[in-house]
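Structure first, then comments.
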Amino acid sequence: MYGLNADDLRIRNTAATFAESLMSYEVDAELAGGQLPAEIAAAHHHRALELGLYATNIPAAAGGVGCTALQQVLVQEQVGRVTNGLAWVMHTPPQWWVDVATDFQRERWLAPAVRGEKHEAYAITEEFAGSDVSDLRTSVRKDGDEYVVNGVKWHVTSFNLADYLFVQGVLDNGDFAGEHVLLVVDLPWPGVEVVRTPHYSHHIADEHPIVSFTDVRVPASHLVGAEGAGMTFTQDWFRFERLMVAARCVGAGQRLVDEMTAFAKSRVVAGKPLGEHQLVAGMLADSATELFAARTMLYEVARAIDAGGERKTLHGLASMAKLYCSEMAGRVADRAVQVFGGRGYMRENVAERMFRELRVERIWEGASEIQRLIVARQLLKGTI
């Protein structure tokens, strides 16, 4: 089914087995606020590297695994089956950077990231610039051989675990004044401070603090690409991550369908299995049908990327996949809680954790409303 070849099945099955080995730690992580003992977390990280499940999106020439887009999706689908971010150890470093990184940047950040020795974070979103990253207020001023950054970024995912940070802002001066620029900042770095770390609905080890940049001086050697090209790199990252979000949502949907189906078989109500009651049977059928449609769409978009589709078309297709798969997963999670009943409201139950964790998938990397606008615009332009 789905036309997977032997290599596709091998990496999918490897990722599935590894993901399943992580599931026994979910409740412990949940009750500990997302944290696992450092030695266990480190062991999971090293195991992902050993199995070839880390940096699957990086070409072999740059030290990565060199998987196809479809194979990357297959791995991230398995990541989505595990709650509490435990499977985020199957990490995908910034593949868009490979083509534009200088030799200095490759040696200092990119190569160590591909080897699993360094971890990145993105400081893009702002208080009044969420899904619309074109409306950033963070300022970047060129001063000799340095850039000076001032601003405040929100929801800086994984900042507490990061060794370096991508910061996007708007140039104040020079030939490209008013356009976007992307810089790399090592952590810790003078002038970079956590304002506060909000608590979120999910419990994972990666925090999402609000971070301030006050007269942060960054060497010109830390400029990614060229001045004025910041939005291009961000869009490339968004397009990739939207597909990965879609993949993780499909994985979550599969886990939920499996779990609630097993419960509906074993739970007896009024003398027969819960799943034989028509209203419950309907929820199972709807969930399985939507999951099948979502996975089919997801794999086809990945194959379009592997076939070298036109950039604008792929942008619209990735938005379609992110929109449908994230909304599908939310509906399936809601049904799963209902099927489990009171058990589905307990933190030890996978449906309860998924219900909370999946809600953000309709918000980050571009809210569902933004995806609809992208799809509609591409449709009107005739690019999809």
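Details
- Free-standing Cys residues across the chain, given no other cysteine C-beta under 4.7 angstrom: Cys67
- Length-normalised contact order for the chain - Cα pairs under 8 Å, 6+ apart - percent: 16
- Surface accessible to a 1.4 Å probe, per residue, for the residues of the stretch 120-224, Å²: 43
- Surface share of carbon and sulfur [accessible, 1.4 angstrom probe, percent] for the stretch 119-251: 49
- Spacing of the modelled spin labels on Ser212 and Glu39, each 7 Å from Cα toward Cβ, amounts to 4.0 nm.
- Computed from backbone phi with θ = phi - 60° and the Karplus coefficients 6.51, -1.76 and 1.60, the 3J(HN,Hα) list for the stretch 259-268 is 5, 6, 5, 4, 5, 5, 6, 8, 7, 9 Hz; x is used for glycine and proline.
- Karplus (6.51, -1.76, 1.60) ³J(HN,Hα), θ = phi - 60°, over the stretch 162-168, in Hz, Gly and Pro reported as x: 7, 9, 8, 9, 8, 10, 10
- Segment Arg377..Met1, full-extension length gain: 132.0 nm, with 0.36 nm per residue of separation and the alpha-carbon distance subtracted.
- Heavy-atom accessible surface of the stretch 6-115: percent carbon and sulfur, 1.4 Å: 53
- Under 27 Å from the Cα of Lys142 - lysines, other chains or at least 8 residues apart: Lys153
- In order along the stretch 208-219, the phi-based Karplus estimate (6.51 cos²θ - 1.76 cosθ + 1.60, θ = phi - 60°) of 3J(HN,Hα) comes to 10, x, 8, 10, 9, 10, 10, 6, 6, 9, 10, x Hz; Gly and Pro are listed as x.
- Heavy-atom accessible surface of the stretch 6-115, averaged per residue, reaches 40 Å², computed with a 1.4 Å probe.
- Label positions at Asp258 and Asp186, each projected 7 Å from the Cα along the C-beta direction, are separated by 4.3 nm.
- Ellipticity at 222 nm from helices only: DSSP H runs of n ≥ 4 in the chain, each -39500 (n - 2.57), divided by the residue count, give -14500 deg cm²/dmol.
- Residue-span extension gain [Arg137 to Glu276] - 0.36 nm each, minus C-alpha spacing: 44.4 nm
- Max mean-square fluctuation residue, GNM over the chain, Cα-Cα springs under 10 Å, options Gly151, Gly80, Gly309: Gly309
- Inter-site label distance for Ala32 and Arg303 at 7 Å from Cα along Cβ, in nm: 4.3
- Placing a label point 7 Å from the Cα of Asn173 along the Cα-to-Cβ direction, the residues of the stretch 132-159 whose backbone N falls under 13 Å from that point are 140-149.
- Full extension of the chain between Lys312 and Ser21 yields a length gain of 100.9 nm, computed as 0.36 nm times the residue separation minus the alpha carbon distance.
- Under 12 Å from Lys381, Cα to Cα: aspartates and glutamates that are on another chain or at least 8 residues apart: none
- Heavy atoms of the protein chains alone define the surface here; on that basis the stretch 287-365 has 44 Å² accessible area per residue at 1.4 Å probe size.
- The value given for the stretch 231-381 is a Kirkwood hydrodynamic radius of 16.3 Å, derived from the mean inverse Cα-Cα separation.
- Sorting 311-321, 280-290, 106-116, 240-250 by average packing, meaning the other beta carbons within 10 Å per residue, from highest down gives 240-250, 311-321, 106-116, 280-290.
- In degrees, nearest ten, helix 311-340 long axis to first principal axis of the chain (Cα): 40
- Cα long-axis angle, helix 368-381 against the chain (0 to 90 degrees, to the nearest 10): 70
- Cut-off under 5 Å, modelled amide H: who pairs with Arg267 long-range: Leu274
- Helix 278-306 and the longest principal axis of the C-alpha atoms of the chain enclose an angle of approximately 40°.
The values are calculated or read from the model by the stated rules, or taken from the named source; none is laboratory data. Here the structure is a predicted model, which is why all the values come from computation and not from measurement. No Cβ is skipped: glycine too gets one built from the backbone with ideal geometry, and neighbour counts run over all protein chains shown. Note: areas computed on protein heavy atoms with side chains; ligands, DNA, RNA excluded. Shrake-Rupley method; radii C 1.70, N 1.55, O 1.52, S 1.80 Å.
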